[in-house]
Amino acid sequence: NVFTSLKDDEVLENLPVGTTVTMFFHDLGPQLGWTMVFLAECIGPLFIYLFFFLHLFNVYEQKDDYTSSPCSVVTYNCLYYWGFSAWLAYYINHPLYTPPSYGNLQVYSALVVFTVCSLTFSQPRLRPKRIPYPTRNPFTWLFFFVSCPNYTYEVGTWLSFSIMTQCVPVALFTLLGFIQMTIWARGKHKMYTREFTDYPELRSAIIPLFL
C-alpha cells in the first residue's frame, strides 16, 4: 500500500487514481484563525508597553518615578507593539532615558523609514497558486528582488525603530527578529522555487541580491 499526503489545493477528481481508492482524513480539532492569533500576539505587548509608558509599575527609582522623559521620540514609540515589550519599554520610557546622539535629525529620519515600512502589506499564508509579481502598488515593487517583501519591510521597521530610539535591547530584538524572519523567508523562497519551474532567478529570500 502507498500512502500519499494531498496538498491543500488539489482537486479530488483530478487525482491520478483508479475507480477504487481509500482516503483517510485527520481531524486536527478546533483551529484558531489568523486574526485571533495576531490579536493574541499584539494586544498583550501593547498593554504591557502602556503600563511602563504611564509608569503604572513601581520599577523606577522613587526620586524619578513621577518625572517624564523630555524626548519626543518616546511619544512616537508608545503606539508600537511587539514582543519584548516589557524589556524595551523599561529602557525607552525610563526617566533617565537619553536622546539619540544626533538628536531630532536621527529621530525624524528614522521615523520616516519606520512609517514607510509600516505601511506595507501582508502576504497570504496559504500555498500560492501562481508566482507573486509586483503591481502598481509601490510597496509590492520589492517582489522584483525578494520573495518575501513583507519580512523585508518588517526588518526595516525594526531597524529604523532601533535607530530612532538608539536602544541596545531594541537592536538585540531586531537582530533576533531578523534571524527568525530569515528562516521563514528562506523556507518560503525554497517552496516557491520548488513549486514553480519558471520562478525569477533574480529574487533572493529577504535581502535583495544577497540573502
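Carbon-plus-sulfur accessible fraction, the range 101-210 (probe radius 1.4 Å, protein heavy atoms only): 67%. A full extension of the chain between D27 and V168 corresponds to an added length of 46.2 nm, given 0.36 nm per residue minus the alpha carbon distance.
The slack between L96 and K129, meaning 0.36 nm per residue of separation minus the straight C-alpha distance, is 6.6 nm.
Each peptide in 112-120, 196-204 gets a packing score, the mean of other Cβ atoms within 10 Å over its residues, and the list from highest to lowest is 112-120, 196-204. Between S204 and V146, S147, L209, the built amide H atoms are under 5 Å apart, and every one of these is 5 or more places off in sequence or on another chain. Per residue, the accessible area of the range 101-210 comes to 60 Å² when a 1.4 Å probe rolls over the protein heavy atoms. Entry note: the range 101-210 has Rg to Rh equal to 1.03, where both radii use alpha-carbon atoms and Rh is the Kirkwood radius. Rolling a 1.4 Å probe across all protein chains gives I206 an accessible area of roughly 0 Å².
Solvent-accessible surface (1.4 Å probe) assigned to H26 amounts to roughly 150 Å².
Using 0.36 nm per residue and subtracting the Cα-Cα separation, the extra length available between W141 and I207 on full extension is 22.4 nm. Cβ-Cβ distance of N104 and F47, R₀ of 45 Å, FRET efficiency by 1/(1 + (r/R0)^6): the value works out to about 0.95. For E10, the solvent-accessible surface computed with a 1.4 Å probe is close to 80 Å², ligands and nucleic acids excluded.
The values are calculated or read from the model by the stated rules, or taken from the named source; none is laboratory data. Remember, predicted model here, so these are calculated numbers, not experimental data. Using ideal geometry, Cβ is built from the backbone for each residue, glycine included, and neighbour counts are taken over all protein chains shown. Note: accessible area is taken over every heavy atom of the protein model, side chains too, but ligands, DNA and RNA are not part of it. Shrake-Rupley method; radii C 1.70, N 1.55, O 1.52, S 1.80 Å.
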